[in-house]
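Quick note: the coordinates plus some simple rules give every number you see, no bench work behind them. All values reported here derive from a predicted model rather than from experimental measurement. We place every Cβ from the backbone using ideal geometry, glycine too, and count neighbours over all the protein chains shown.
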C-alpha cells in the first residue's frame, strides 16, 4: 500500500513538472532578460563567500533581500557563465519547480490523501501570472522566500503533530528554513520561540 501511495505521488509530481515546463516553455526560447540581471552581474563577480554572507548584515538597505539577491547568484556563478542566459533561466526555473513541489507537500500535510487538491494548488501557484516575469527576466530569486516559508511552516506543523525527539527535530528544521528569511525572522522570532517551547 505504501509503495502504491509513493507511486501516486510521483505521478502527481511528474504532472506538476510537465505542467510547469509547458507553462514556462516560452522563457527558454525567448532570448531576453530584465534590467536587474545586468545589475546582479555588476554586483557579484567576483564575490567571495564572506562578502556574500556579509549581505545579511546590511539590514538598513531599502531593498534588504539578501536571500533572493546574493546566495543564489554567488552559487550560480560557480557553475554558470554570466552570458549563458538559458542556464540562468533554467536555474531560476528550478526554484519555481521546487516551490511548486513544496506547495504540493504542504497541502498533503494539511489534507492527507487529497492529491488532486495538492496538484491544483501547485498548478495554481506555477500558473499565477505574477510569478512568470521573475523567470522570464532572470531577476531576483524571490521563489526562495516562498519555498523557505512553506518548508518552515510544514516542518513547524510536523513538530506540533509529533512528540519527543521527532518534535524537537522538526522544530529545529523549521528554524533552519526560517534562518535565511531575515525580515520574517526579525518579526516572528518571539512568536515562533513561544510556540515551540
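How do 115, 161 rank when sorted from fewest to most other Cβ atoms within 10 Å of their own Cβ?
Lowest count first: 161, 115.
Going by how many other Cβ atoms sit within 10 Å of their own, how do 89, 166 line up, fewest first?
166, 89
Using the C-alpha gyration tensor of the range 2-141, what are the square roots of 5 times its eigenvalues, in whole angstrom, with the largest one first?
32, 18, 13
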